[in-house]
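Asks: Please read through the structure below; I'll follow up with questions.
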Amino acid sequence: MSNAATQGVPTDFDQQPLAPKTLAREAAAEFLGTFVLIVFGIGVVAQVVLSGGGAGGILSIHIAWGLAVAMGVYIAGGVSGAHLNPAVTLALAVRGRFPWRKLPAFVFAQFAGAFAASAIVYLTYREALQAFDGGVRQINGSHATAGIWSTYPQNFLTTFPGGFIDQMVGTALLLLLVSALTDEQNFAPPPRLAPPLIGAGVILIGACFGFNAGYAINPARDLAPRLFTSLAGWGSGVFLAGNYWWWVPVVAPCVGAILGVYAYDLLIRGRVSGERP
């Protein structure tokens with residue numbers, strides 16, 4: 001008898017086939033995968049900020065975000081392909097690799113997953129938050145906590161062109177890496193090894209391009225948590241801060257994702273015609 005069986009662990013779980021794919025199941029997978037990505041990503045920032053740096057730092061933030069991406073991809077990959085990012089979904093649709101009719105459901109699920117994750121992190125760290133800021137939710141200053149949930153630019157960074165370029169470049173690099181790591185016609189790893197390598201790519205982007213504005217590179221990752229904070233006590237200022245920064249992590253990643261996919265196809269695959277799914 002196997003060790004798993006003696007410990008009461010079902011031995012036939014992995015042999016149970018997944019239910020047939022439907023748009024609802026794919027959207028559910030995107031919701032849960034994005035939830036996992038954001039709950040760990042925001043969670044690590046909350047731990048670092050609310051502990052005053054005593055329970056982690058910039059390195060732990062980069063590593064946790066990379067691992068969060070990998071876990072999210074493992075969660076949803078077999079059902080939806082694990083886009084977990086509206087910019088990814090849009091870029092694949094533009095390139096003819098994803099049906100446009102599915103795009104609204106995927107994007108809604110991604111935003112919903114990020115919003116739910118924001119609420120869970122708030123619920124979990126509510127008392128620590130209270131101890132840190134005394135109940136006064138702040139966007140700026142030494143006890144600012146809005147940045148736990150969403151990104152805000154450095155004071156020197158312009159919204160446009162500086163911030164726009166920052167988010168566009170970061171997302172373009174992400175899509176270059178994702179394209180390479182999932183391209184079986186190139187030098188892609190086995191599918192089960194792609195998630196941690198994609199996560200490593202996110203760590204690389206954060207470590208190299210995270211200083212200006214926190215490398216959101218994902219509209220759902222930034223806008224849904226920002227909306228949550230506006231409703232949870234930080235107010236409408238979260239949309240005014242940083243010279244109306246909020247739109248940059250929404251629009252620029254979409255542009256960057258499309259550029260990244262096109263650049264990969266043109267320079268590596270040697271073509272620009274899309275592939276119909």
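Read-outs: derived from the displayed coordinates by stated rules, not from any lab. Every value quoted in this text rests on a predicted model; they were computed, and no experiment measured them. Every residue, glycine among them, receives a Cβ derived from its backbone with ideal geometry; neighbour counts consider all protein chains shown.
Asks: For K21, K102, what's the fewest-to-most ordering of other Cβ within 10 Å of each Cβ?
Replies: On the way: K21 12, K102 18.
Going from least to most buried by this count: K21, K102.
Asks: Related question: Only sites in a loop by DSSP and with at most 11 other Cβ atoms within 10 Å count here; which chymotrypsin sites (Phe, Trp or Tyr not before Pro) in region 121-168 make the cut? Kindly include the intermediate steps, with their values, before the conclusion.
Replies: Values: sites: Y122, Y125, F132, W149, F156, F164; in loops: Y125, W149, F156.
The qualifying sites are F156.
Asks: Further question: Within region 175-237, which chymotrypsin sites (Phe, Trp or Tyr not before Pro) sit in a loop by DSSP and count at most 16 neighbouring Cβ atoms inside 10 Å? Walk me through the numbers before you get to the answer.
Replies: Values: sites: F187, F209, F211, Y215, F228, W234; in loops: F187, F211, Y215, W234.
The qualifying sites are F187, F211.
Asks: Hey, another quick one. In sequence order, what are the phi-derived ³J(HN,Hα) couplings for region 133-146 according to the Karplus relation 6.51 cos²θ - 1.76 cosθ + 1.60 with θ = phi - 60°, rounded to whole Hz, with x for glycine and proline?
Replies: Each residue's phi maps through the Karplus curve to give 10, x, x, 9, 6, 10, 9, 10, x, 5, 10, 5, 10, 4 Hz.
Asks: Distance between the C-alpha centers of region 232-256 and region 51-91? Whole Å please.
Replies: When both Cα centres are located, 20 Å separates them.
Asks: I want to make sure I understand the PRE zone here: with the label point 7 angstrom from the Cα of R101 toward its beta carbon, which residues in region 19-43 have backbone N atoms less than 20 Å away?
Replies: Once the point is set 7 Å along Cα→Cβ of R101, 20-30 turn out to lie under 20 Å by backbone N, inside region 19-43.
Asks: Using 0.36 nm per residue, how much length does the chain from A188 to L59 gain when fully extended, once their Cα-Cα distance is taken away? Spell out each step's value before the answer.
Replies: On the way: separation 129, 0.36 × 129 = 46.44 nm, distance 2.72 nm.
In short, 43.7 nm is gained.
Asks: Now for a different question. Please grab the % of Cα pairs in region 188-277 that end up more than 21 Å from each other. Walk me through the intermediate numbers first.
Replies: Working: 2001 of 4005 pairs.
More than 21 Å apart: 50 percent of the Cα pairs in region 188-277.
Asks: Continuing with the same structure: If eta is 1.002 mPa s and T is 20 °C, what Stokes-Einstein diffusion coefficient results for region 110-194, Kirkwood Rh from Cα pairs, in µm²/s?
Replies: 130 µm²/s
Asks: Same structure again: Given the convex hull of the Cα atoms of region 21-267, what is a quarter of its surface area in nm²?
Replies: Details: hull surface 50.5 nm².
The number I arrive at for region 21-267 is 12.6 nm².
Asks: Return the sequence-ordered ³J(HN,Hα) values of region 153-159 in whole Hz as given by the Karplus equation 6.51 cos²θ - 1.76 cosθ + 1.60 applied to θ = phi - 60°, using x for Gly and Pro.
Replies: Each residue's phi maps through the Karplus curve to give x, 5, 4, 7, 7, 7, 4 Hz.
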